[in-house]
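Here the structure is laid out as structure tokens; the discussion comes afterwards.
The values are calculated or read from the model by the stated rules, or taken from the named source; none is laboratory data. Remember, predicted model here, so these are calculated numbers, not experimental data. Positions of Cβ are generated from backbone atoms using ideal geometry, with glycine treated the same way; all protein chains shown enter the neighbour counts.
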Amino acid sequence: MLLTWRPAELLSPTYQPMREYRDLESFHNYLDTLTLDARTLLSDGGETIVSDGDTVRVASRQRLHTLPEMRLDTDEPLAAPPDLRMLGTLGEGGMGVVHLANQVPLDREVAVKTSRAGADEDAARLLLQEAYVTGYLEHPNILPIYTVGKNRDGAPLIVMKRVEGTSWTSMLAELDDERRLDALGEHIEILLQVCSAVRFAHSRGILHRDIKPENVMIGHFDEVYLLDWGIALAVDEDKQLLPQLAEASGVAGTPQYMAPEMTFDSPEGLDERADVYLLGATLHHVLTGEPRHGGNRLLEVMYNAYTSQPYEYGEHIPTELAEIANRACRAKREERYESVEAFRDALHDFLKHRDSIDLAQSADEKREELERLLEADEADLAAIHDTYGECRFGFYQALRLWPENALASEGLQRCLEAMTEHYLSQANVEAARACLAELPEPNPRLEARAAELAERSEEDRRDLARLKRLESALDLRTATTSRSRLAIVFGVVWTATSLYAAIRIDQGHFSYAEQLENHMISGFRNLVLVVVGVSLFRKRIFRNAVNRRVIYLLVALFGALAFTRWAVWYVDGNLQVARTSDYMMAAFAIVGAGLLSDMRLCWVALGFASAAVVGMLVPELQVYASTAANAITFGSIAWLWSPSQMDKKTDKRRTG
């Protein structure tokens, strides 16, 4: 519906355009300088106001009389087939009536807009000017004009595309707060198409001045059309058929959506940013379901439009979209978006950001779940790492779509800090450092803890390395086969030689002096045998400290035996005592080896100790006792050091 606002510029000598009014009373005094008809005064500000001061171009006056006459099926008589067959009325507006018709030459349904019955010539010419504006703007989101003409009575006929659909206002009215938020993306897409139409109009030098959901039609196939260009103005004066901004006067537009500069009875200050404001006010309606400016009467609505205070949107409204709406609706033009394109780009960015925000919100839910898992008494490590992976991936995807996403950045920070704490508690310094390296903002406290843990871990690593080296040095499993084989060789040689000597002595082949000499020679022979045997196995036996200690003890033992036997021979000592001394020295050497390496050897020493006791008590069995001691001792050593027995010993030690 259109209402009339008559300018009083010529009637009031006190009129001052763009004056600053600081309160409702002063603004009311300004309105008193304007002459309003009763219907306008009683309106709620939701209808479009058309000023009587809008200039009808001379060119359009002339064009009205030269329009071709179009034949209607209602004309009588018809000398030729009609151009239009009228089918009914689609609707009525403030500037005319819209009929449904059939365009006979093309046999298609069209919408035909004409002036109301009884309308004066100026109203008809204004209607024609709307057609010229719309026809001048050929764009997918602007309703196409097929042709213009006049009927037999001289009333203009505007033939345009017929659009079946619904007004955007009706669609928005069906939404509650929850559904409105869910459908936000769909309605932002509609607004973007409206922006496309307005941007094109601006590129052709046209201001719409009445953008609102009511003037947007949504077709059954999702077509979007910006309608009602009836109060549009041309910025360029060379467009002869179009109404000019420089020649316009009076207030025009819909008060509930008006920009502050549109509340004045002058075109001064109107530019593309007025349409930007109207787009912002339309966005406000999309977000809240209500027009931008409210009030119980027109005065309040107009004053609210004039002041245009920032609107405080609810928490359920996306912050970025609320900021876009408020910036577009700033009272000062220079603080708004500089163009429709800038406003449209902000909406495009929001749609991209919205996907990022959705991802960030989902990831933040995972972050909260992760924190609950980390705080549990019994940590489910698999669940922790799965949830952390989902959470981290979600935040990174959100930041990839919108690097400035504060929710994603803060959520990633908290997620990584939580995992850093977790890894530090597990002494996993490498994983903790990996998380710290990804933090959007450094955390000196956690970095200090990680450095402290790294230092302790390095000390532990060094200690462990030392322990491993010590364990390796004392590991009897090293060269166990070589030691076992060497024991067998020594045992066989010494058992055989002792048995041979015992038999020869029993048969009387050796005198006492010869026995003493042979005893001395066997000492050096045994020493040479040990040195040669050790030399043959040195690469394998000398690989760790415990083996070297045992070998050094063995060589020392046979070196001592060689010396003591030489000493006994040299002083012509007691052979029985010397042999007993040899056996006891061997027994103690084996005990020493057991204490250095394998405690089980201590029991093996009983073989030579027994031989020493038997030799003292029963001298004639001394050499046989030595033979038995050699066989039992070195056989036992070879068996204890065999790989199978060493493995059993190791397993038993590990199991406690």
Checklist entry - Would you say Leu486 is in a helix (DSSP H, G or I), within 45 Å of the chain's Cα centre (by Cα) and touching a residue at least 24 places away in the same chain (Cβ under 8 Å)? => result no
Next on the checklist: Tell me whether region 545-554 contains one or more residues that are among the polar types (S, T, N, Q), closer than 24 Å to Leu601 by Cα and without any contact (Cβ under 8 Å) to a residue 12 or more places away in the chain.
Outcome noted: no
Checklist entry - When only residues in region 80-96 that are within 17 Å of Met70 (Cα to Cα) and in contact (Cβ under 8 Å) with a residue 12 or more places away in the chain count, which is surrounded by the fewest Cβ atoms within 10 Å (Cβ to Cβ)? => result Pro81
Checklist entry - Within region 146-161, which residues are at pLDDT 90 or above and surrounded by fewer than 20 Cβ atoms within 10 Å (Cβ to Cβ)? => result Tyr146, Thr147, Gly149, Lys161
Checklist entry - Glu620 fails exactly one of the following numbered conditions: (1) surrounded by 18 or more Cβ atoms within 10 Å (Cβ to Cβ); (2) closer than 21 Å to Ile503 by Cβ. What is the number of that condition? => result (1)
Item to check | The lone exception for Ser484 - which of (1) hydroxyl-bearing (Ser, Thr, Tyr); (2) in contact with a Leu (Cβ under 9 Å, 6 or more places away or on another chain); (3) not assigned by TED's automatic domain parsing to the domain that holds Ser644 it fails | outcome: (3)
Next on the checklist: Need the failing condition index for Glu421 against (1) over 23 Å from the mean Cα position of the chain (by Cα); (2) in a helix (DSSP H, G or I); (3) surrounded by 14 or more Cβ atoms within 10 Å (Cβ to Cβ), just the number.
Outcome noted: (1)
Checklist outcome for this item: The number of residues in region 136-175 that are within 30 Å of Ile317 (Cα to Cα) and free of Cβ contacts under 8 Å to residues at least 24 places away in the same chain is 2
Next on the checklist: Looking at Val276, Val301, Val286 in this structure, which one is of a type outside the set (Gly, Ala, Ser) and over 22 Å from Glu261 (Cβ atoms)?
Outcome noted: Val286
Item to check | Residue satisfying condition, being surrounded by fewer than 21 Cβ atoms within 10 Å (Cβ to Cβ), within 60 Å of the chain's Cα centre (by Cα) and modelled with pLDDT under 90, within set Arg549, Arg538, Arg543, Arg600 | outcome: Arg543
Next on the checklist: I'm trying to understand the selection: among the residues of region 489-512, which are in contact (Cβ under 8 Å) with a residue 24 or more places away in the chain and either among the aromatic types (Phe, Trp, Tyr) or closer than 17 Å to Val568 by Cα (or both)?
Outcome noted: Phe490, Trp494, Tyr512
Checklist entry - For region 377-418, what are the residues that are loosely packed, with under 13 Cβ neighbours inside 10 Å and among the β-branched types (Val, Ile, Thr)? => result none
Item to check | Entirely in region 215-330, the helices (runs of 4 or more DSSP H) that have 1 or more residues that are of a type in the set (S, T, N, Q) and on the phi > 0 side of the Ramachandran plot | outcome: none
Next on the checklist: Can you find a residue that is of a type outside the set (Phe, Trp, Tyr), without any contact (Cβ under 8 Å) to a residue 24 or more places away in the chain and within 28 Å of Leu181 (Cβ to Cβ) anywhere in region 267-285?
Outcome noted: no
Next on the checklist: For region 255-293, give me each residue that is of a type in the set (Ser, Thr, Tyr) and either more than 16 Å from Thr307 (Cα to Cα) or over 44 Å from the mean Cα position of the chain (by Cα) (or both).
Outcome noted: Thr263, Ser266, Thr282, Thr288
Checklist entry - Residues in region 179-186: is at least one of a type in the set (Gly, Ala, Ser) and part of a helix (DSSP H, G or I)? => result yes
Next on the checklist: Name the single residue that is surrounded by the fewest Cβ atoms within 10 Å (Cβ to Cβ) among those in region 489-514 being aromatic (Phe, Trp, Tyr) and part of a helix (DSSP H, G or I).
Outcome noted: Tyr512
Item to check | Within region 454-474, considering residues that are in contact (Cβ under 8 Å) with a residue 60 or more places away in the chain and assigned to a helix (DSSP H, G or I), the one farthest from Thr650 (Cα to Cα) | outcome: Ala473
